[in-house]
Amino acid sequence: MTDSTQLLLVVVLVAIGIAALIAAGCLQAGLRTKRVAYPHLIQNWQRAQRYVILLFVIGGLLVVCPPISQLTVSFQTTSSRSSPTLEDALGQVEQEEFLIAVEGGMLSEARQQLEQGANPNAAYPDDDLNALIMACINNDEAMVGLLLEYGADPDCPSPDGGLTPLMYAGENPKVVSRLIEAGADVNAVDYEDLYTPLAEACAAYRSEESARLLLKNGADVNYRTSDGLTALTYLISMEDGYDPQQIELQLSLVKLLIDHGAVPDSGPFGQSDYAYVEEIVNEQLSRLSDTDRRSNYERAAGELLSLLQPETEG
């Protein structure tokens with residue numbers, strides 16, 4: 001029933017009620033004036049009075065019911081809106097308990113939460129880390145295995161940056177292997193196309209074994225990110241790799257990449273990889289006074305530079 005029809009019906013009922021009251025009043029006054037006993041008329045007047053009251057009640061209900069129904073609908077709507085909010089709040093508490101268990105390496109607690117329906121891809125709302133990434137950062141192979149067992153996405157990206165678990169796993173080859181076995185993309189990139197699993201394994205984690213696993217499973221050794229870096233160029237750009245304590249590892253990683261087809265180039269440095277590395281190596285050599293350390297460094301650095309030596313046209 002439309003609002004206009006409802007209003008018209010109320011007006012008609014009220015008008016009928018008023019007319020009936022006036023008529024009944026006149027009838028009663030006439031009967032009393034003539035002092036004639038008409039019991040059936042008196043009885044009918046009393047019935048009419050009840051009917052008039054009923055009409056007013058019906059009219060009043062028609063006026064009041066829409067607001068009540070609207071209030072009921074509004075309450076139900078508000079309840080339906082507030083209930084999920086409460087459920088969300090409770091769910092958020094349970095989710096944080098699960099994430100705390102994952103972050104703390106509490107395997108049995110995490111398993112219990114997962115059995116109760118915890119989301120294996122859950123992430124803190126104000127953080128850029130999800131459960132699987134936290135387990136990778138912690139080198140927690142068992143936790144990684146548990147999350148994957150309960151359906152965690154091996155490529156589940158961090159909420160803001162879009163980095164995948166494999167980009168955080170490079171320090172532990174066993175974790176890298178578990179992720180690859182679960183189907184992780186060895187050529188994944190973040191949202192801004194700045195990071196790859198191979199570049200992180202080499203430059204950030206300095207893990208030759210992890211890099212070897214990625215290359216074995218199809219990592220693109222010459223993929224260039226949006227800032228112009230390949231895995232090799234990214235590795236070369238890490239100046240701490242030329243520290244006397246790190247030069248051997250740097251050499252091994254560079255050799256691994258070149259053996260798998262990495263091509264030295266000018267990169268983003270405005271000079272060849274060779275010239276860039278030569279400059280850093282010479283600076284390091286100028287600081288070394290110990291004869292034995294200098295000799296070892298020169299050997300490793302020389303081999304490294306020979307790998308990066310541009311081919312001469314002959």
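Restricting to the range 207-237, name every residue that is modelled with pLDDT of 95 or more and of a type in the set (D, E, K, R).
Within the range 207-237, Glu208, Glu209, Arg212, Lys216, Asp220 meet the criteria.
Can you find a residue in the range 251-262 that is out of contact with any Lys or Arg (no Cβ under 9 Å at 6 or more places or on another chain), farther than 20 Å from Leu213 by Cα and of a type outside the set (Gly, Ala, Ser)?
The answer is no, given that none of the residues of the range 251-262 is out of contact with any Lys or Arg (no Cβ under 9 Å at 6 or more places or on another chain), farther than 20 Å from Leu213 by Cα and of a type outside the set (Gly, Ala, Ser).
Would you point out which residue out of Ser289, Ser306 is among the polar types (S, T, N, Q) and modelled with pLDDT of 90 or more?
Values: Ser289 fails: modelled with pLDDT of 90 or more.
Sole residue among the options that is among the polar types (S, T, N, Q) and modelled with pLDDT of 90 or more: Ser306.
Taking the range 225-237, which residues are buried (at least 17 other Cβ atoms within 10 Å of the Cβ) and without any contact (Cβ under 8 Å) to a residue 40 or more places away in the chain?
The answer is Thr225, Leu229, Thr230, Ala231, Tyr234, Leu235, Ser237.
Could you count how many residues in the range 176-212 are over 22 Å from the mean Cα position of the chain (by Cα) and touching a residue at least 40 places away in the same chain (Cβ under 8 Å)?
The number of residues fulfilling the criteria is 6.
Scan the range 186-217 for residues that are over 21 Å from Ser252 (Cβ atoms) and out of contact with any Gly (no Cβ under 6 Å at 6 or more places or on another chain) and jot them down. It would help to see each step written out before you state the result.
Applying the first criterion (over 21 Å from Ser252 (Cβ atoms)) to the range 186-217 yields 187-195.
If the condition is that a residue be over 21 Å from Ser252 (Cβ atoms) and out of contact with any Gly (no Cβ under 6 Å at 6 or more places or on another chain), then Asn187, Ala188, Val189, Glu192, Asp193, Leu194, Tyr195 are the ones that fit.
The values are calculated or read from the model by the stated rules, or taken from the named source; none is laboratory data. Everything quoted here is computed from the prediction, not taken from an experiment. A quick note on method: Cβ atoms are made from the backbone with ideal geometry, for glycine too, and the neighbour counts reach across all protein chains shown.
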